[in-house]
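Data first, discussion second: the structure below is written as structure tokens.
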Amino acid sequence: MSGHQQDKNKEADTNKGNFVLIFSDQGEGIQPLVARLKKEGYRVGSTQSMESAAYVYSRQRPNFIIIRLHCHIRDIINKLHCLMNKRIDLKNIPSLLLVRNSEMQYQTSLLKAGFDDVVASDCKINVLMHKTKTIRLLYDTDPNTQYKSSEQESGSRGNLSNMNLIDLLQALGPSRRTSCITIIPEGADSVSDHLFVYLDQGRIIYAKLGDLLGETAVYRAIGWDKGNWIVEPVLEDNLPEPNTDLSNEAILMEGCRLLDEESRVKQA
């Protein structure tokens, strides 16, 4: 058996027992996602009825919620209100909202409903699976504490080999979390070797790595693939003074460009 196949089998074993609740206002288009989730070891419950979704939610308590709404923004908001009125928790359980491309312009407003990310419903299955994995890694994997309020959340931990700095920033940005990311590279001898990145509602406002500050610190660490990371919630009053005003996208794009350039130089 190849190493790639062994990794896929291991991930399926890890997902085994995790229950994903999918609510879609249209039946067509959701089956490929259901099939892929099942293939990767998840238990899946799929429904087009709000009443059925509320019943399944109350009886089985999902580990992940995916909602697909193929309608205009006004109807989306009405349906989300109905779901929340049925006591379906979108803020303390990992969740993903799929909407039509035409409604992606309202992504920021929809994230305020409590979703960890909002994506176009026609994006590729591999993208959806990656986002699902990324969001789940940001939540405490201890089954005894899977439901957390913002006051109870003590932080998330992971390995750079599974989720690197780029993945973290792409996941935390849309979720609008105010938090501190600590990156500890393999072989780090002191705190001065750690990268600290502070996010204010998902936006990078401060970064420090030894004597490097701002986006320069992020550029240095963006290629790290061995080590560990910690994401901890931060109160707004405890945020440091900003040392960068670039957008997350600008920092990541430039960081990836510098990484590619460094790779080309090494290969020359």
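For segment 177-262, which trypsin sites (Lys or Arg not before Pro) pass both filters: DSSP loop (anything but H, G, I, E, B) and at most 13 other C-beta atoms within 10 Å?
Loop-located and lightly packed - K226.
Based on Cβ point charges of +1 for Lys and Arg and -1 for Asp and Glu, what charge dipole magnitude is obtained for the chain about its Cα centre, in debye rounded to the nearest 20?
The calculated dipole for the chain is roughly 1300 debye.
By how many degrees, between 0 and 90 and to the nearest 10, does the Cα long axis of helix 73-85 differ from the longest principal axis of the chain?
80 degrees
Rank M104, V191, S24 by how far each Cα sits towards the positive end of the charge dipole of the chain (+1 on Lys, Arg Cβ; -1 on Asp, Glu Cβ) and give me just the farthest.
About the Cα centre, the residue reaching furthest to the positive side is S24.
Assuming a viscosity of 1.306 mPa s and a temperature of 10 °C, what translational diffusion coefficient in µm² per second does Stokes-Einstein assign to segment 211-263, Rh being the Kirkwood radius over Cα pairs?
Estimated diffusion coefficient is 123 µm²/s.
Applying the Karplus parametrisation 6.51 cos²θ - 1.76 cosθ + 1.60 with θ = phi - 60° to the phi angles of segment 56-70, what ³J(HN,Hα) value in whole Hz is obtained for each residue in order, glycine and proline being reported as x?
Karplus-based 3J(HN,Hα) across segment 56-70 equals 4, 4, 5, 8, 10, 6, x, 8, 7, 10, 10, 10, 10, 10, 9 Hz.
Taking the DSSP beta bridges in the chain as the whole, what percent of them are antiparallel, to the nearest 5?
Antiparallel: roughly 55 percent of the beta bridges in the chain.
In Å, what is the Rg of the alpha-carbon atoms in segment 31-86, and how long is Dmax?
In Å, with Rg to one decimal and Dmax whole: 12.4, 35.
Give me the Kirkwood hydrodynamic radius of segment 156-267, using the inverse of the mean 1/r over all pairs of distinct Cα atoms, in Å to one decimal.
It is 14.0 Å.
Out of every Cα-Cα pair in the chain, what percent are more than 26 Å apart?
Of all Cα-Cα pairs in the chain, 46 percent lie more than 26 Å apart.
Going down the list K39/K86; K39/K124; K79/K131; K131/K226; K38/K131; K124/K266, which pairs span over 26 Å between their C-alpha atoms?
Result: K39/K86; K124/K266 exceed 26 Å.
Which is the longest run of the chain containing none of the GluC sites (Glu not before Pro) found in DSSP loop states (not H, G, I, E, B) with at most 10 other C-beta atoms within 10 Å?
Free of exposed loop sites, the longest segment is 29-150.
Apply the Karplus curve 6.51 cos²θ - 1.76 cosθ + 1.60, θ = phi - 60°, to the phi angles in segment 188-203 and return the couplings in whole Hz, x for Gly and Pro.
Values per residue, Gly and Pro as x: 4, 9, 8, 4, 5, 8, 8, 9, 10, 10, 9, 10, 10, 6, x, 9 Hz.
Only the coordinates and a few stated rules stand behind these numbers; no lab work does. Nothing here was measured: the structure is a model prediction, and the numbers come from that model. A quick note on method: Cβ atoms are made from the backbone with ideal geometry, for glycine too, and the neighbour counts reach across all protein chains shown.
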